[in-house]
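Okay, so here's the structure we're looking at.
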Amino acid sequence: MASTPTYKIASIPGDGIGPEVINAATTVLQKLASTLGTFSLQFHHLPWNSEYYKAHGRYIPEGGLEGLRNYDAILFGSVGDPDVPDHISLTGLRLTIIRHLHHYANLRPTRLLRGCTSPLAALSADPSLLDWVIVRENSEGEYSGQGGRTHVGTPWEVATEVAIFTRHGVERIMRFAFETARERGRKKGTPGRGRLCVVTKSNAQIHGLVLWDEVAAAVSKDFLDVEWEKMLVDAMTVRMTLHPETLNTIVATNLHADILSDLAAALAGSIGIAPTSNLDPTRENPSMFEPIHGSAFEIVGKGVANPIGAIWTAAEMLRWLGEEDAADALVESVENVVEVGCRTADLGGNAGTEDVTSEICRDVERRRSHEDVSPK
Ligand code: NAD
Ligand code: MN
């Protein structure tokens, strides 16, 4: 008998509702693994959060970053604390990991899950109109951390925020985006026909984004089976809202994709359900998976945080690890539960975090036992 794989997962619940939703995600993952029996998961919880920072003056202990390389994947909650400036917490934990492990591609799938309603009436009527993946450049661009301040606090203070675009950085994200578009084209049964929209702003950002456009055009020559087009970022917000069905795979810079993906999450019903993956596409380093929401201080400890962002994130982690069927099964269980009305307040319901989590576990088991009785 072939032995089943065991994946070693570093879990970093972090701050705020992070521990609540990561706890939900690990519970569901363990239920899925034990029910399917085709793989197993070993979690190692790392207490790296703002409490740790307040006690030790750093988010990541000595040797911690290197230690992450021993895992197959990282499951992350959120970081952010009322007592610590956001740029310190974000840089100290999340961005340090992303930079160190070369997570240069950030992937954000957006879909209207069965049972969720969109603020757009047209989408609620026909959810199939919205099915996107946003590929965000995750290592440079506007968030490269370059710049400085002089004459601080004086009327003639100067601050610069320098956007960095390297040919190497742009080319690798374009290749990844074209590959993602090709792959999605295949999956959807339209043989070899993927679609990619390259978001730009080269009419106003006339250096970095002109390079961005040129590299996109050059890389496209290696993907003649992918239909691609360019779109200015401001016009893109209009198109996402009015003609969502015309989009499929989208690639954008760090800043542009950050903003567009929040819009995408809102169109799909709630920020509480959206997942994101920070990937090292070379697979030399473990990738990191997280819900897109933050610490949500005002609901901490109330048991009302929506766990679906973290659970869908867990499904995306399984997909990256090669457990495609398990990932699909998990997302389907999530949809089954939302559809029958087991929803947290952000989705207009009154269920708690634990209600949703245990219903999803129940659905995982129920579907499995149903399959055993009547195999397809
Ligand atoms: P947020 O995502 O924490 O909250 C935005 C709104 O969405 C709030 O009303 C919140 O209650 C609600 N919300 C978020 N997640 C929810 C969930 N799972 N269920 C139900 N409602 C949910 O964003 P914010 O308020 O801008 O930031 C709060 C803190 O989180 C800040 O410190 C910020 O820096 C941090 N943050 C961290 C990350 C990250 O770790 N990747 C991402 C975003 C924000
Ligand atoms: Mn953001």
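The values are calculated or read from the model by the stated rules, or taken from the named source; none is laboratory data. Not measured: the values here are computed from a predicted model. So basically every Cβ, Gly included, is an ideal-geometry build from the backbone, and we count neighbours across all protein chains shown. These area figures cover heavy atoms from the full protein model, side chains too; ligands, DNA and RNA do not enter into them. Shrake-Rupley method; radii C 1.70, N 1.55, O 1.52, S 1.80 Å.
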Residues of the range 184-203 being at pLDDT below 95, in a loop (DSSP other than H, G, I, E, B) and open to solvent by less than 60 Å² (accessible area, probe 1.4 Å), which ones?
189, 192
Find the strands (runs of 3 or more DSSP E) located wholly in the range 204-322 whose residues include 1 or more that are among the polar types (S, T, N, Q), and list them.
249-252, 275-279, 287-291
Selected residue [under 21 Å from the mean Cα position of the chain (by Cα), among the acidic types (Asp, Glu) and either farther than 22 Å from residue 242 by Cβ or surrounded by 18 or more Cβ atoms within 10 Å (Cβ to Cβ) (or both)] from 157, 179
179
Out of 301, 348, 341, report the one residue that is closer than 30 Å to residue 96 by Cα and surrounded by fewer than 19 Cβ atoms within 10 Å (Cβ to Cβ).
301
Can you tell me which of (1) loosely packed, with under 12 Cβ neighbours inside 10 Å; (2) at pLDDT 95 or above; (3) not in a strand (DSSP E or B) is the one residue 149 doesn't meet?
(3)
Checking the structure you have, find out if any residue of the range 127-141 is open to solvent by 60 Å² or more (accessible area, probe 1.4 Å) and under 22 Å from residue 331 (Cα atoms).
yes
Would you check if residue 269 is surrounded by fewer than 21 Cβ atoms within 10 Å (Cβ to Cβ), in contact (Cβ under 8 Å) with a residue 60 or more places away in the chain and either farther than 23 Å from residue 97 by Cα or within 12 Å of ligand 2 (Cβ to nearest atom) (or both)?
no
For the range 273-294, which positions are within 14 Å of ligand 2 (Cβ to nearest atom), surrounded by 24 or more Cβ atoms within 10 Å (Cβ to Cβ) and farther than 21 Å from residue 72 by Cβ?
274, 293
